[in-house]
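The values are calculated or read from the model by the stated rules, or taken from the named source; none is laboratory data. Predicted model, so just to flag it, every value in this text is computed and none were measured. All Cβ positions, glycine included, derive from the backbone under ideal geometry; neighbour counts span all protein chains shown.
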Amino acid sequence: MSDQHDHAYVKYSTIFFALCICTVLSIIFDVIDLKEKNIIGMNGVVLLTLLVLAVACAKALFVMIYFMHLKFEGKWKYVLLSPTIVLAMGLTIAITPDIGIHYYTNEAPQVDYLEQARQTAATTDALNPEKSHAE
């Protein structure tokens, strides 16, 4: 009788550990410094972005397939998910110029102001050497 009711059994603890491993991988990818390295003919920032996005997609797939039980649904799930995929791609393309390009760069205005102040001070000291020696 168990042969007739052959239903795919999923150990949720296995999926939980897979999600934990993916989370640790995304933390490791974020901590290691690949910004200046040229790896496999690819800029380090591009490689880092691809790795982080791949892990995020894997985690989303685990959640959708097993926790949302989409693995056990019929073919109609693709019809329901297609507008979401189009929206996600459109949103990603729309925000890339504002956020996506500057994801791992530090462009804080405070840093720029401090650098400008240092350059101004260095220029002033170079132009007035007698004033800096008098103090």
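Okay, residues lined up against (1) among the hydroxyl-bearing types (Ser, Thr, Tyr); (2) part of a helix (DSSP H, G or I); (3) loosely packed, with under 13 Cβ neighbours inside 10 Å; (4) in the same structural domain as VAL24 (by TED's automatic domain parsing):
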{"position": "LEU51", "(1), (2), (3), (4)": "no, yes, no, yes"}
{"position": "ALA54", "(1), (2), (3), (4)": "no, yes, no, yes"}
{"position": "MET64", "(1), (2), (3), (4)": "no, yes, no, yes"}
{"position": "TYR78", "(1), (2), (3), (4)": "yes, yes, yes, yes"}
{"position": "SER82", "(1), (2), (3), (4)": "yes, yes, yes, yes"}
{"position": "VAL86", "(1), (2), (3), (4)": "no, yes, yes, yes"}
{"position": "MET89", "(1), (2), (3), (4)": "no, yes, yes, yes"}
Filter region 66-76 down to the residues that are part of a loop (DSSP other than H, G, I, E, B) and either of a type outside the set (D, E, K, R) or at pLDDT 80 or above (or both) and list them by number.
MET68, HIS69, GLY74
Tell me, which residue of region 1-29 that is modelled with pLDDT under 85 and surrounded by 12 or more Cβ atoms within 10 Å (Cβ to Cβ) is nearest to ILE99 (Cα to Cα)?
PHE29
List pairs: first residue in region 65-92 and at negative phi, second residue of a type in the set (Gly, Ala, Ser) and assigned to a helix (DSSP H, G or I) anywhere in the structure, Cβ distance under 6 angstrom, at least six positions apart or on different chains.
none
Pick from region 35-49, criterion surrounded by 13 or more Cβ atoms within 10 Å (Cβ to Cβ) and outside any helix (DSSP H, G or I), ranking: modelled with the highest pLDDT
ASN43
Among the residues of region 102-123, which ones are at pLDDT below 75, surrounded by 10 or more Cβ atoms within 10 Å (Cβ to Cβ) and part of a helix (DSSP H, G or I)?
HIS102, VAL111, ASP112, TYR113, LEU114
